[in-house]
Every structure is written in structure tokens, then in C-alpha cells.
Amino acid sequence: MIAEVAARVRENIQKVIVGKPETIDLALVAVLCEGHLLIEDVPGIGKTTLARAMATSLGCTFSRIQFTPDLLPSDITGISFFNQKTQEFEFRPGPVMAQVVLADEINRATPRTQSALLEAMQERQITVERETYALPRPLPTLATQNPIELEGTSPLPEAQVDRFLIRLALGYPTADQEHAMLVRFEREDPLESLAAVTHPEELIFLQGEVRKVRVEESVRGYVVDVVRATRANDAIQLGVSPRGTMGLYRSAQAWAAIRGREFVLPDDVKHMAPYVLTHRVLISPATRLRGRRLADVVMDVVETVPVPVETL
């Protein structure tokens, strides 16, 4: 069932996003794991379009927050104000009270404003004037940032980056894909006529089904070994957190489910490792000076861990 819904969502989003099926599947993995997605790429690639198409396809309420240096925490969470008519304080919810939230150019806000999302992303709630408000499910936060432009930006703190389940980049399209994009958008924007192909209740049910995907003890041990290897490698200064261990485990379950399987293979863990682990590690200064890419370092570490095999 999960694979069927994933196929419908993928096909629907591909009416807008040309030639990125695996990227769409990775975004679906984040949603099915009740996780958050960080899309890091240059402007004009389609980061915002992907988020809007995802929300529409899932039938979820959508909210977009444009992060700027003058954005305040209350602009995200909402405010408590005194109503002159009722003579009582009332809560006016902010844009974070939606089923899918797009934090656009998240690194343009100040650290204080960025931290307003921490409680929402981890505890699925916000606190305003000592009152706690539960956030609607499924509530994936889809955040975008430009890794090239540094002027007027504030790097995300490690605590917030660690709360993103997956980080990915869309990348430039091929020549054929770019040609197809021009044809598709020639007369109208297909995003405007996009319809939902599932609904939040079904999505929440599927999130529960993902947790039932079978993980053998040997594969579970493989997940732990991969994460622990990042903490014992000389090229890495700060290894993956236990939250990353859980993220790799859940994402491997979701990837297997999207592929139509009821069990996880070691290849599922290896496939998800660069998307789940790369943004959770800090490489050592010596490794950075040698110019090694972070993703390459992580994959080298993963390759050092023996893959469990079935014994006959």
C-alpha cells in the first residue's frame, strides 16, 4: 500500500518537477518518517516548487515562511493578544500551525528566530506566553537554503541541523529535462492545476505502517555499526548523534516500503546513509584542508563497516 501511494504522489509531483524521481522519493521518506527535510541548492532549481507540489499532492494545508533578517520568533509561532471586545487574551496562530511548513531561505534569519523552530520540529508543539499548543500532523518542515550566498546569512546551529532527517540537493536538470520543462510550462503553470492524490489521514496511517517494516537483528546491528564508525574515524571531528541512528533506521524502513518491500536490506541502509548522516558530522580541520568532500568522507566510513550477509 505504501508503494502504491508513493507511486501516485511521485507521478503527481512529476507533472511539475521534471526528471527527479529519486529526489521526490527521498522527500517522501522524510514525510513517512515524520521527519524534516533540508533542501540545499542554488536559486532557481525548484526547491520551493517541490515543497508546494508535495503539500498539494498530500492534500495538506500549506504555509510558507519567508525567512529574512528582520523576521521575529512571534512571526513564526504566533502571538497572544488582548481582545478588546471579549476582554480576554486570545492566541493568533502563526504560519507554523500548518500540516506542511516551508521555511524558505532559513539561513537568512537571525539565530534567535531560527531557534523558534526548534521546539516545533522536535516536540511538535509551540509555547507562547507559557501556553503550549500542539501542532497539526503530519507537520514535516521543508526548509531551503542557498549554500553559495553567504552575505546576510546566519549558519544554522548544529542543534537545528541535527533535527533535519534528510538533507539533499536537487541539482541542475539535464538538457532533455530542461527542454521538457520549457514545453510543460509553455502555456500554463501545472502547479496551479495540481490536485491531491492522498489525504493527511491516510498519510498518518502510512507513517504507522512504516514502523512495521521488518528489520532483522543483523541489519539493526549494521545501522548501529555505521553510526558508531563515524565517531571513531580520524577524519571526523564530531560523529553522528543517537538521533541520527534513529533517523537512519527509520529512513531505511521507509525506503524499503516505498520500494514495495516489507523488510529492510543492508543496501537500504547504505543508500540512505549519505542523505541522513552527512549533515550530522563535522570533519576535522586536517581533512578540510585536504579539500575532501563531506559526502565522500561519510561514504568512505560507511564502506569500512562489514555488511551483514545471510549464512546458509
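Any read-out appearing in this document is the output of simple, stated calculations on the displayed coordinates, not a laboratory observation. Note that the structure is predicted; figures quoted are calculated from it, not measured. With ideal geometry, Cβ positions are generated from the backbone for all residues, glycine too; neighbour counts draw on all protein chains shown.
Brief remarks follow.
- Within the stretch 55-121, the trypsin sites (Lys or Arg not before Pro) that combine a DSSP coil assignment with at most 11 other C-beta atoms in a 10 angstrom radius are 85.
- By average C-beta atoms within 10 angstrom, highest first, the peptides 26-38, 296-308: 26-38, 296-308
- Judged by the ratio a/c of the largest to the smallest principal axis of the C-alpha gyration tensor, the stretch 98-151 counts as oblate, that ratio being 1.5 or greater while a/b is no larger than b/c.
- Each DSSP beta bridge with both residues in the chain is either parallel or antiparallel, and the antiparallel ones are about 45%.
- Protection proxy ranking for 187-195, 249-257, using the average of other Cβ atoms within 10 Å per residue and placing the highest first: 249-257, 187-195.
- Enclosed volume per residue, in Å³, of the convex hull spanned by Cα atoms of the stretch 213-303: 76
- Two-decimal log10 I(q)/I(0) for the stretch 240-291, as the Debye equation yields it once each C-alpha is a single scatterer, q = 0.21, 0.23, 0.25 Å⁻¹: -0.73, -0.80, -0.88
- For the stretch 24-138, dividing the convex hull volume of the Cα atoms by the residue count gives 121 Å³ per residue.
- Estimated FRET transfer efficiency when R0 is 45 angstrom, pair residue 177-residue 133 (beta carbons, to 0.05): 0.60
- Taking amide H atoms as placed 1.01 Å from N in the peptide plane, the amide H of residue 64 lies under 5 Å from those of 102, each 5 or more residues away in sequence or on another chain.
- Highest mobility in the GNM of the chain, judged by mean-square fluctuation with C-alpha springs under 10 Å and restricted to 233, 12, 107, is found for 233.
- GNM flexibility winner over the chain from 223, 183, 101 (Cα, springs under 10 Å): 183
- By the rule of a C-alpha distance below 27 Å, with chain neighbours fewer than 8 residues away ignored, the lysines paired with residue 20 are 47, 270.
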